Amino acid sequence: MQTGDIAPAFSLPDQNGNIISSADLAGKKIILYFYPKDNTPGCTRQACAFAGLFEEFKKRDIVVIGISKDSVESHRKFAEKHALPFILLADPELQAIKAYGVWQEKKLYGKVSMGVVRTTFIINEKGMIEKIMPKVKPDTNAAEILAAL
């Protein structure tokens, strides 16, 4: 994926079990952030940072969506526990995760495994990728996006 590409389409269940499709969001700017796992320290900090700035995104008519391979139930609990006001999409089959190229080899303590690399995409109103932010820092990602906009 690179800037200027048409963003891959997706159709996945949210934390409430409702199917959210990229086609339903046509004409809106979207912040699509991929993260490894619900309720882990970095992912929780990142989600809470987005929640803290959610009203700023909402004022600008920007849709915020988090995607991980966790289940709908896991997302529901995560959203409730941290009062997350935005959409969390469950992608256990890795459809969007692989389409956006964020399923990659990772090294942790010398062990190599496959996993989601924390990446954020800004998708414009025409469905094109406006900006790609690879390997973002959980604490500053939301603020960096607002600054870039």
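The values are calculated or read from the model by the stated rules, or taken from the named source; none is laboratory data. Keep in mind the model is a prediction, meaning the values are calculated, not measured. Neighbour counts run over all protein chains shown; Cβ positions are idealised from the backbone, glycine included. Surface accessibility is based on the protein's heavy atoms, side chains included, excluding ligands, DNA and RNA. Shrake-Rupley method; radii C 1.70, N 1.55, O 1.52, S 1.80 Å.
By a 1.4 Å probe calculation restricted to protein chains, residue 1 has an accessible surface near 100 Å², given to the nearest 10. Under 5 Å between amide hydrogens, built in the peptide plane, is the criterion, and for residue 87 it picks out 64, 66 among residues at least 5 positions away or on other chains. In whole percents, the pair-distance distribution calculated for the chain from its alpha-carbon pairs, binned every 10 Å from zero, is 11, 45, 38, 6, 0. Between residue 20 and 12, 14, the built amide H atoms are under 5 Å apart, and every one of these is 5 or more places off in sequence or on another chain. The helix-only estimate of mean residue ellipticity at 222 nm for the chain, built from DSSP H runs of length n ≥ 4 each weighted as -39500 (n - 2.57), is -7500 deg cm²/dmol after division by the residue total. With a ≥ b ≥ c the root eigenvalues of the C-alpha gyration tensor of region 65-149, is it rounded (a/c under 1.5), prolate (a/b larger than b/c) or oblate? Cα axes put region 65-149 in the rounded bin. Note on residue 28: accessible area is roughly 70 Å² with a 1.4 Å probe, heavy atoms of protein only. For trypsin sites (Lys or Arg not before Pro), the sites in region 108-141 that DSSP calls loop and that have at most 16 other Cβ atoms within 10 Å are 126, 135. If you take all other residues with their beta carbon under 13 Å from the beta carbon of residue 139, and give Lys and Arg +1 and Asp and Glu -1, the sum is +2. Shape class for region 56-102, computed from the alpha carbon gyration tensor (a ≥ b ≥ c): oblate, with a/c not under 1.5 and a/b at or below b/c. Taking the chain as a Gaussian network of alpha-carbon nodes connected by springs under 10 Å, the highest mean-square fluctuation of the residues 23, 47, 79 belongs to 23.
Computed over the chain, relative contact order equals 33 percent, with contacts defined as Cα pairs under 8 Å that lie 6+ residues apart. Among 61, 70, 14, the largest mean-square fluctuation in a Gaussian network model of the chain (Cα springs under 10 Å) belongs to 61. Within the shell defined by Cβ-Cβ distances under 13 Å, the residues around residue 46 carry a net charge of +2, with Lys and Arg each +1 and Asp and Glu each -1.
In the context of the full set of protein chains, residues of region 7-149 present 50 Å² of accessible surface per residue (probe radius 1.4 Å, heavy atoms only).
Residues considered: 65, 122, 19. Largest GNM mean-square fluctuation over the chain, using C-alpha springs under 10 Å, is found at 19. Within the accessible surface of region 1-97, defined with a 1.4 Å probe on protein heavy atoms only, the carbon and sulfur portion equals 52 percent.
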